[in-house]
Amino acid sequence: MIETTNIKAYGTAAAEAPLNPMDIQRRIPTAHDVQIEIQYCGVCHSDLHTAKNEWRGTIYPCVPGHEIVGKIIRVGDHVSKFKVGDIVGVGCIVDSCRECQYCQEGLEQYCEPGMTGTYNSPDKYLDAPTFGGYSESVVVDENYVLRIPENLDLAATAPLLCAGITTFSPLRHWNVGPGQKVGIVGIGGLGHMGIKIAKAMAAHVIAFTTSESKFAEAKRLGADEVVLSKDEEQMGAYTGKLNFILDAVSAEHDINAYLNLLRVDGSLALVGAPENPLPVAAFSLIMGRKSFAGSMIGGIAETQEMLDFCGEHNIVADIEMIDIQEINEAYERLLKGDVKYRFVIDMASIREKS
Ligand code: NAP
Ligand code: ZN
Ligand code: ZN
């Protein structure tokens with residue numbers, strides 16, 4: 001029998017319902033678990049896609065949140081990597097099979113039987129789905145917990161746990177670096193991290209945005225050039241010029257317009273996950289032996305590598321802090337692309353105001 005405690009959370013009971021306060025159960029830490037008091041939790045567009053069942057398969061009630069930072073308040077008897085008081089992070093993965101080829105290679109996100117997501121996955125311990133970081137605390141096996149570099153602002157570090165690793169991993173995998181022209185499409189939570197990280201990897205970064213209000217700011221974030229993607233003339237100037245494109249757009253858009261910007265043998269990796277399929281014209285790929293690929297978050301070791309890289313380069317997200325009570329309004333604004341560039345929930349608000 002697993003012992004549990006009741007804690008406060010914010011979640012939703014149905015696709016059309018708003019997020020509301022609710023109580024959930026967390027297990028008492030078992031031998032290898034740590035319990036983390038959540039201080040900040042980022043708001044990823046995936047939280048919104050899942051809360052609204054846009055990818056189908058949402059199990060209700062659903063408590064989103066997978067950009068978690070906080071303080072360890074309790075450890076299990078056999079925890080060796082962390083102690084009470086440590087400041088740590090939890091991203092999108094809280095467990096995996098640990099035995100398959102991918103887990104062995106540090107690619108837990110592609111675990112064969114399936115990783116355990118921080119929310120909306122079957123819980124290995126309780127007869128319930130996993131519940132995410134829009135809550136007071138979380139209990140996680142120490143092997144899926146990350147160390148946070150001390151020099152980084154904690155609230156602004158939370159988004160690294162998803163937006164940071166989701167952009168870092170493909171930029172590394174496709175060997176982005178000096179002498180390369182890299183496009184970042186969609187300057188939201190992921191995209192703005194993509195600009196910062198690609199720049200720190202010493203690439204020449206070109207930001208593509210539909211928002212005129214982000215035009216000047218993309219340069220402040222580190223882009224060498226910025227393109228208003230609605231403007232065909234501006235887009236045309238980059239035909240055949242880019243080595244790699246990272247597409248972080250959350251909604252339907254014309255992918256062929258970007259494939260046309262790649263050089264011969266160039267690749268476009270999707271990290272954005274729109275609700276509906278994106279049509280790809282065969283000739284967009286055939287002409288120039290191009291690759292159209294995808295990438296999902298990153299493994300645990302790589303997430304630590306990303307955090308250490310961001311610590312060295314002083315990279316955090318640009319954030320707008322909210323209380324948990326403002327989450328429904330934040331979702332409305334996220335849908336309109338009206339956030340610069342990541343909402344982060346101050347979780348003290350769930351303890352003090354709910
Ligand atoms: P976000 O902050 O909402 O940013 C998305 C950006 O896409 C917007 O800021 C906007 O950028 C652009 N955009 C939105 N609607 C558009 C439209 N109709 N046409 C063209 N561009 C549009 O979202 P996010 O949190 O960065 O997440 C982005 C996507 O990545 C989501 O689908 C999310 O679920 C997915 N995701 C995937 C992974 C993974 O592992 N692959 C991990 C996390 C998130 P501009 O204003 O600059 O045009
Ligand atoms: Zn996410
Ligand atoms: Zn596995």
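The values are calculated or read from the model by the stated rules, or taken from the named source; none is laboratory data. Quantities reported herein were computed from a predicted structural model and do not represent experimental measurements. Neighbour counts run over all protein chains shown; Cβ positions are idealised from the backbone, glycine included.
The table that follows gives values for the structure above.
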{"quantity": "Matching residues, the stretch 32-70, being more than 16 Å from ligand 2 (Cβ to nearest atom), in contact with a Gly (Cβ under 7 Å, 6 or more places away or on another chain) and within 23 Å of Met296 (Cβ to Cβ)", "calculated": "none"}
{"quantity": "Sole residue being closer than 21 Å to Glu302 by Cβ, within 13 Å of ligand 1 (Cβ to nearest atom) and in contact with a strand residue (DSSP E or B) (Cβ under 8 Å, 6 or more places away or on another chain), chosen from Leu160, Leu190, Leu221", "calculated": "Leu160"}
{"quantity": "Matching residues, the stretch 320-354, being more than 13 Å from Leu48 (Cβ to Cβ), at pLDDT below 95 and among the small types (Gly, Ala, Ser)", "calculated": "Ser354"}
{"quantity": "Test for Phe292: is it free of Cβ contacts under 8 Å to residues at least 24 places away in the same chain and over 15 Å from the mean Cα position of the chain (by Cα)", "calculated": "no"}
{"quantity": "Filter result for Val316 (in contact with a helix residue (DSSP H, G or I) (Cβ under 7 Å, 6 or more places away or on another chain) and of a type in the set (Val, Ile, Thr))", "calculated": "yes"}
{"quantity": "Selected residue (only one of Ala282, Ala293, Ala273, Ala237 is under 30 Å from Val69 (Cα atoms) and among the small types (Gly, Ala, Ser))", "calculated": "Ala273"}
{"quantity": "Of the criteria (1) away from ligand 1 (no atom under 13 Å from the Cβ); (2) of a type outside the set (A, V, I, L, M, F, W, C); (3) more than 23 Å from Ala158 (Cα to Cα), which one Gly70 fails", "calculated": "(3)"}
{"quantity": "Residue match in the stretch 168-175 (condition: touching a residue at least 24 places away in the same chain (Cβ under 8 Å), within 21 Å of Met296 (Cα to Cα) and more than 16 Å from ligand 1 (Cβ to nearest atom))", "calculated": "no"}
{"quantity": "Any hit, the stretch 230-245, residues being within 16 Å of ligand 2 (Cβ to nearest atom) and within 22 Å of Gly164 (Cβ to Cβ)", "calculated": "no"}
{"quantity": "Identity of the residue in the stretch 45-74, out of contact with any Lys or Arg (no Cβ under 9 Å at 6 or more places or on another chain) and hydroxyl-bearing (Ser, Thr, Tyr), that ends up farthest from Tyr331 (Cα to Cα)", "calculated": "Tyr60"}
{"quantity": "Within the stretch 64-94, considering residues that are out of contact with any helix residue (DSSP H, G or I) (no Cβ under 9 Å at 6 or more places or on another chain) and within 24 Å of Ala128 (Cα to Cα), the one surrounded by the fewest Cβ atoms within 10 Å (Cβ to Cβ)", "calculated": "Ile73"}
{"quantity": "Residue match in the stretch 101-114 (condition: surrounded by 20 or more Cβ atoms within 10 Å (Cβ to Cβ) and without any contact (Cβ under 8 Å) to a residue 12 or more places away in the chain)", "calculated": "yes"}
